[in-house]
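The values are calculated or read from the model by the stated rules, or taken from the named source; none is laboratory data. Quantities reported herein were computed from a predicted structural model and do not represent experimental measurements. For neighbour counting, all protein chains shown are included, and Cβ atoms are generated from backbone atoms with ideal geometry for every residue, glycine included. Keep in mind that these areas ignore ligands, DNA and RNA; they rest on the heavy atoms of the full protein, side chains included. Shrake-Rupley method; radii C 1.70, N 1.55, O 1.52, S 1.80 Å.
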Amino acid sequence: MRKAWLAAALAATAIPAQAGLDSVRSVPVEAVAPDCLAGSAPAAKPGAVDEKPPVLIEGLGYAGFAPDSADARAKRWFEQGVRLVWAYDEAEAIRSFRQAQALDPQCAMCFWGEAWARSPTLNLQPRDEEHGAAAAAASRAASLSAKLGERDRGLIGALQARLGKAAKFDNRAYMKAMADLARRFPADDAVLVMAADAHMVGARTPEEGAPAQGFLETVLGRNPDHSGAIHYYIHLTDFIDKQRLAERYANRLGKVAPAASHLVHMPSHTFYGVGRYRDAAAVNVAALAAEKAYADKVAPPATEYRTGLAAHNMHFAMESAIMRGDGRTALDVADRFRKRFSTADKGFRPVARAATWYAMGLHAPVRAVMEAPEPAPGQTLMRAMRRYARGEAFARSGDSAGVRREAAALAAFLRGPESRALGNKRIEMLVGIARRVLEGRAAMIDGHFRTATAAYREAMRLQGKAGFGMDPPPFWYSTRRSLAAALLASGEKQSARLQFLQTLKDWPNDPRALFGLAEAEKALGHGEAAANALARAQKLWAGDSDALRLARL
């Protein structure tokens, strides 16, 4: 979902490499996997033979404007379509707009809505396969537009500009048309939110994209329950790594749109960014429940995109829970992930599936980890992550020899043909990070602290070089934290303190880092600072206190 201007903006704000090698949420990259599943996954095609009719649902959020129809039923379907577009449920939005068209075939905006729902979004690009149907709907809207007011004619015209002259969407033309409409209708919330979206999708430079923030903040200042504005603002503040700006709105979104699973999920991007890992896990568990409730009521046609969003929610829940030591939640969601998704999945989902191994290695009974069967040949990343999970389980047992065996197996993996089969340099680096972490764990258990320091420093270098540009990150924690623990164990107290502080700057409220900071402050004789850091760590931590030993940080 990241566009070029967003990458440039992040590059401009990312901390220098020497200070922030592991600020993985701040560094722009070309995909390992995008944050919320950007891509061109097709929407479901309304009208399939086995398709059940759509259903009107309460709790999908805010609409914001009505169509040119006197038919109350058509109006309800149109408004539901708008809510669903704000919620990035475009396939169901199309079905809602078509229901409105069937009830009032003279409703111009009902056809405009269908064209809008078929257009590119942050999560679905370029969507050129939808161009023909979108153009037909926009043409029909234009043919009925004589009765419309200036704003609605402008919205139709903006979409026609986006459709361009070829069979491809022209997002920049749409951006310019919506910017003009925003200047003409500054009091219209719907126009401003659509203009913000147009800039986020169409801009190529930070300067071109900058108006999006102003549009959204204007709307939220006068309508803090606008679900579309909150949704887009969370995306925007996550792009620029200023999640704190969206926090008060993120707190509201699940209450505003409790039936829209993607909107229930969205606050987790903000919560994770500000260090509210408990809340990030909780809203994703709630999003999974909302998804099931919606499916039970609506039975929407299956799409790869809808399935991918569910995988993303589970990935987010697992990693957020792991960050605070909540093994029960992490293992529960990991089990649900394994049952739901095929091991043959390609693309994004193997990266998400890796988190099931993190959960197991860190929280499942050691015997269960050791008995977990090896994934089949071809499941290359999973075969590597099983080794990592076993290494973490050995570390929990204090078995440094076992940890070293798994680290050596990962080193051999990286030298062999399976590494090349991963097909992605960043995924190779992910395996490399896991290897170096296990080497560090073994060295810490044996008291070889300088060896551990070197291993963790290499893990941190790889994590920074990979620059995973997604939430949650492919590797579950900042390896700088482990480097800090090794430095402290080797007696470099001040260096350790600085590394723990930098970890907390990049990953706020990491309870393990807070515990390490407390130990560093104590070693330096800073009693009050040590007590404060320890109190924060204890408040945030949900796991076993044994996991807070320096050897396991």
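Think of each Lys and Arg Cβ as +1 and each Asp and Glu Cβ as -1; about the Cα centre, that makes the dipole of the chain roughly 980 debye. Inter-part distance, the stretch 426-480 to the stretch 114-189, computed on C-alpha centroids, equals 47 Å. Of the residues Pro186, Pro373, Pro474, the one whose Cα sits farthest toward the positive end of the charge dipole of the chain, with +1 on the Cβ of Lys and Arg and -1 on the Cβ of Asp and Glu, is Pro373. Here the stretch 366-425 and the stretch 204-229 have alpha carbon centers that stand 45 Å from each other. Per residue, the chain exposes 37 Å² of solvent-accessible protein surface, assessed with a 1.4 angstrom probe and all protein chains in place.
Mind listing which chymotrypsin sites (Phe, Trp or Tyr not before Pro) in the stretch 425-468 are in a DSSP loop and have 16 or fewer other Cβ atoms within 10 Å?
Working: sites: Phe449, Tyr456, Phe468; in loops: Phe468.
Filter output for the stretch 425-468: empty list.
Here's the picture: a label point sits 7 Å out from the Cα of Lys52 along the beta-carbon direction, and within the stretch 280-319 the residues with their amide nitrogen under 14 Å of it are 292-302.
Label positions at Ala376 and Asp399, each projected 7 Å from the Cα along the C-beta direction, are separated by 2.8 nm. For the chain, the longest principal axis of the C-alpha atoms and the axis of helix 493-506 are separated by about 20°.
Any chance you could run the full-extension gain for Ser143 through Leu498? It's 0.36 nm times the residue separation minus the Cα-Cα distance, nm to one decimal.
Values: separation 355, 0.36 × 355 = 127.80 nm, distance 6.52 nm.
Here the answer is 121.3 nm.
Each label was represented as a point 7 Å from its Cα along the Cα-to-Cβ direction; for Ala531 and Glu247 these points are 2.5 nm apart. Placing +1 on the Cβ of every Lys and Arg and -1 on the Cβ of every Asp and Glu, with no other charges, gives the stretch 98-220 a dipole of roughly 380 debye about its Cα centre. Derived scalar couplings between HN and Hα for the stretch 212-219 equal 4, 5, x, 4, 5, 5, 5, 5 Hz in order, rounded to whole Hz, by the Karplus curve 6.51 cos²θ - 1.76 cosθ + 1.60 (θ = phi - 60°), x for Gly and Pro.
Just from its helices, what would the mean residue ellipticity at 222 nm be for the chain, if runs of 4 or more DSSP H residues each count -39500 (n - 2.57) and the sum is divided by every residue, rounded to the nearest 500 deg cm²/dmol?
Details: 28 runs with 363 residues, N = 553.
Per the formula, -21000 deg cm²/dmol.
Taking only protein heavy atoms and a 1.4 Å probe, the accessible area of the chain is 53% carbon and sulfur. Applying a threshold of 24 Å to the alpha-carbon distances of Lys339/Lys425; Lys465/Lys505; Lys465/Lys522; Lys255/Lys539 flags Lys339/Lys425; Lys465/Lys522; Lys255/Lys539 as lying beyond it. Plainly put, the stretch 199-284 has a radius of gyration that is 0.97 times its Kirkwood radius, both from alpha-carbon atoms, as the Rg/Rh ratio. The HN-Hα couplings worked out from phi for the stretch 252-258 by the Karplus form 6.51 cos²θ - 1.76 cosθ + 1.60 (θ = phi - 60°) are 8, 4, x, 6, 6, 9, x Hz, whole numbers, x standing for Gly and Pro. Against the chain, whose longest principal axis comes from its Cα atoms, helix 527-540 is set at around 50 degrees. Which Cα, out of Ala355, Val431, Met109, lies furthest along the positive dipole direction of the chain (beta carbon charges, K/R +1, D/E -1)? Value: Val431.
Normalised by the number of residues in the chain, the average gap of Cα pairs under 8 Å and 6 or more apart makes the relative contact order 15 percent. Let a ≥ b ≥ c be the square roots of the eigenvalues of the Cα gyration tensor of the stretch 148-235; is it rounded (a/c under 1.5), or, if not, prolate (a/b larger than b/c) or oblate? Since a/c reaches 1.5 but b/c is at least a/b, the shape of the stretch 148-235 is classed as oblate. Overall, the anisotropy analysis places the stretch 298-421 in the oblate class: the square-rooted eigenvalues a ≥ b ≥ c of its C-alpha gyration tensor yield a/c not less than 1.5, with a/b not exceeding b/c. Packing here is the average count of other Cβ atoms within 10 Å per residue, and on that basis the peptides 138-145, 262-269, highest first, run 262-269, 138-145. Its Cα centre serving as origin, the stretch 415-458 has a Cβ charge dipole (Lys and Arg +1, Asp and Glu -1) of approximately 160 debye. Listed values for the stretch 146-163 are Karplus-derived 3J(HN,Hα) couplings in whole Hz (6.51 cos²θ - 1.76 cosθ + 1.60, θ = phi - 60°), namely 4, 7, 7, x, 4, 4, 5, 5, x, 5, 5, x, 5, 5, 5, 4, 5, 6, and x replaces Gly and Pro.
Ranking Gly440, Ala173, His226 by Cα position along the charge dipole of the chain, where only Lys, Arg, Asp and Glu carry charges on their C-beta atoms, puts Gly440 farthest toward the positive end.
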